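Reading through the structure tokens given below for one structure.
The values are calculated or read from the model by the stated rules, or taken from the named source; none is laboratory data. Since this is a predicted model, take the numbers as computed values, not measurements. Glycine also receives a Cβ, built like all others from the backbone with ideal geometry; neighbour counts cover every protein chain displayed. Ligands, DNA and RNA are excluded from the accessible area calculation, which covers all protein heavy atoms including side chains. Shrake-Rupley method; radii C 1.70, N 1.55, O 1.52, S 1.80 Å.
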Amino acid sequence: MPYKSCIIGTGSSVPERVLSNQDLEEIVDTSDEWITRRTGIRDRRISSIHRNETSTDLGTRAAVKAMEMAGVTADSLDMIVVGTVTPDNQFPSAACMVQKEINAVNAGAFDISAGCTGFLYALAMADNAIRAGHCRRVLVAGIERLSSIVDWQDRSTCVLLADGAGAVVVDAREDSNGILSTHLKSDGNLGELLYSTYSTSTIPEILKDIDTKPFTLRMEGNRLFKRAVSYMAAISRDALEKNNLTAEDIRLVVPHQANIRIIDALAHTLGIPLEKVFTNVHKYGNTSSASIPIALDEANHAGLLKTGDNVLLVSFGAGLTWGAALLKWSM
Ligand code: UT7
């Protein structure tokens, strides 16, 4: 039997500080009512330079938890792949910085920049490396500190974005479960809808302890919204068709957590009941490439995933990029 890429451990880590919609009312001209109704977000986590909450710290904690759950040691990892747009440094990569912290002495390590689809791009690279026989065990993570690139005077974005990290250990196994297929797409022509620009944000008093980078994020939310639903639906259908499955065969969808209205519309378009769609956007906001691995870890801890369950992961983000992974749960 050919090797399959099997997730054998999940982990996540979010900053301690909760920033509520009410807190944001003190920062920009917004309201709890607007944010909740338009996005489903109530709280989000924001890192602080006074706690150990750099991207490397958050990613390391998520990685250690995933390895503990998997019962594996860092020296058994062949590769570390991180999806991120907010590594602590331009270089070395977040993957190399996490490698140092966990002492994964036998691993190659690199980052992938694919916006909110970063984790799925990283998972696809891990799956391909395992299928090709190049790797036996890969740590895949999504790590973001979007608070460091948010324009805290732009109410159309600062209420959405947040910080966190999630990770999975992927192992080569002779198993009928595991990753069935991955699907990746992009369209650079639409890069103008979500991009970074060199400028610095004025930081509000109550967030003086956040780390900032010399660039900020710009987004055309409304134009993105429509594409988010149609592109994620299309690539989800590609994944189902490729594996001769229908929407009824899916046990759980774990979508990118950008906006509850996008998630609801996606579920409706695919004909998947909301009970089969995992959401935690109300607690964490949009953590970009970290959102799927954090959600997957929470779904796993909540006992929502049983061995052999068909699970659909689907995401959409800057690039534009979008992607899906269909897997049979392997834990
Ligand atoms: O992570 C992957 C990439 N990101 C996404 O996929 C995000 C996709 N987009 C969205 O989630 C939504 O488009 C948003 C949540 C960003 C915005 O919701 P919307 O329903 O599309 O609102 P809108 O941009 O059309 O704005 C409607 C109104 C505007 O006022 P006017 O022009 O109608 O007077 C905005 O100025 O809401 C206003 N507005 C706000 N009002 C209060 C925008 N942001 C806020 C705010 N508080 N925070």
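Do we find a residue being at pLDDT 95 or above, in a helix (DSSP H, G or I) and either within 14 Å of the ligand (Cβ to nearest atom) or among the small types (Gly, Ala, Ser) (or both) anywhere in the range 314-322?
Within the range 314-322, the first condition is being at pLDDT 95 or above, and the residues that meet it are 314-322.
Next cut, in a helix (DSSP H, G or I) only: none.
No, the range 314-322 has no match at all.
Does any residue of the range 52-62 turn out to be buried (at least 17 other Cβ atoms within 10 Å of the Cβ), farther than 20 Å from GLY118 by Cα and more than 19 Å from the chain's Cα centre (by Cα)?
No, there is no match, as no residue in the range 52-62 is buried (at least 17 other Cβ atoms within 10 Å of the Cβ), farther than 20 Å from GLY118 by Cα and more than 19 Å from the chain's Cα centre (by Cα).
Just to be sure before I move on: is GLN153 more than 16 Å from the ligand (Cβ to nearest atom) and open to solvent by 60 Å² or more (accessible area, probe 1.4 Å) in the structure I sent?
Taking the combined requirement at face value, the residue does not satisfy it.
With the requirement that a residue be touching a Leu at 6+ places or on another chain (Cβ under 7 Å) and either more than 27 Å from SER20 (Cα to Cα) or within 16 Å of the ligand (Cβ to nearest atom) (or both), what does the range 288-313 give you?
Answer for the range 288-313, where residues must be touching a Leu at 6+ places or on another chain (Cβ under 7 Å) and either more than 27 Å from SER20 (Cα to Cα) or within 16 Å of the ligand (Cβ to nearest atom) (or both): SER288, ILE292, LEU304, LEU305, ASP309, ASN310, VAL311, LEU312, LEU313.
Can you name the condition, by its number, that THR73 falls short on among (1) in contact (Cβ under 8 Å) with a residue 12 or more places away in the chain; (2) open to solvent by 50 Å² or more (accessible area, probe 1.4 Å)?
The number of the failed condition is (1).
For the range 243-252, does any single residue satisfy the condition of being among the aliphatic types (A, V, I, L, M), without any contact (Cβ under 8 Å) to a residue 60 or more places away in the chain and at negative phi?
The answer is yes, given that some residue of the range 243-252 is among the aliphatic types (A, V, I, L, M), without any contact (Cβ under 8 Å) to a residue 60 or more places away in the chain and at negative phi.
In the range 188-206, what residues are in contact (Cβ under 8 Å) with a residue 12 or more places away in the chain and either open to solvent by 60 Å² or more (accessible area, probe 1.4 Å) or out of contact with any strand residue (DSSP E or B) (no Cβ under 8 Å at 6 or more places or on another chain) (or both)?
Residues satisfying the conditions are GLY188, LEU190, GLY191, GLU192, TYR195, SER196, TYR198, THR200, THR202, ILE203, PRO204, ILE206.
Answer with yes or no whether LYS306 is in the same structural domain as ALA228 (by TED's automatic domain parsing), open to solvent by 30 Å² or more (accessible area, probe 1.4 Å) and part of a loop (DSSP other than H, G, I, E, B).
yes
How many residues does the range 128-144 contain that are surrounded by 24 or more Cβ atoms within 10 Å (Cβ to Cβ) and part of a helix (DSSP H, G or I)?
Of the residues in that region, 1 qualify.
Which strands (runs of 3 or more DSSP E) does the range 190-267 wholly contain that include 1 or more residues that are touching an Asp or Glu at 6+ places or on another chain (Cβ under 6 Å), at pLDDT 95 or above and away from the ligand (no atom under 11 Å from the Cβ)?
Passing ranges, in order: 216-219.
Out of all the residues in the range 46-68, which are of a type in the set (Ser, Thr, Tyr) and outside any loop (DSSP other than H, G, I, E, B)?
Listed by number, the residues that qualify are SER55, THR56, THR60.
In the range 253-290, what residues are in contact with a helix residue (DSSP H, G or I) (Cβ under 7 Å, 6 or more places away or on another chain) and among the polar types (S, T, N, Q)?
Selection gives GLN257, ASN259, THR269, THR279, ASN280, THR287, SER288, SER289.
Answer yes if at least one residue in the range 111-124 is free of Cβ contacts under 8 Å to residues at least 60 places away in the same chain, surrounded by fewer than 20 Cβ atoms within 10 Å (Cβ to Cβ) and closer than 26 Å to MET219 by Cα, and no otherwise.
Looking through the range 111-124, at least one residue is free of Cβ contacts under 8 Å to residues at least 60 places away in the same chain, surrounded by fewer than 20 Cβ atoms within 10 Å (Cβ to Cβ) and closer than 26 Å to MET219 by Cα.
Quick check on this structure: which one of ILE80, ILE41 is over 22 Å from ASN286 (Cβ atoms) and β-branched (Val, Ile, Thr)?
After ruling out the rest, the residue left standing is ILE80.
Among residues belonging to the range 98-127 that are within 16 Å of the ligand (Cβ to nearest atom) and of a type in the set (Phe, Trp, Tyr), point out the one that is farthest from the chain's Cα centre (by Cα).
Across the range 98-127, the extreme among qualifying residues is TYR121.
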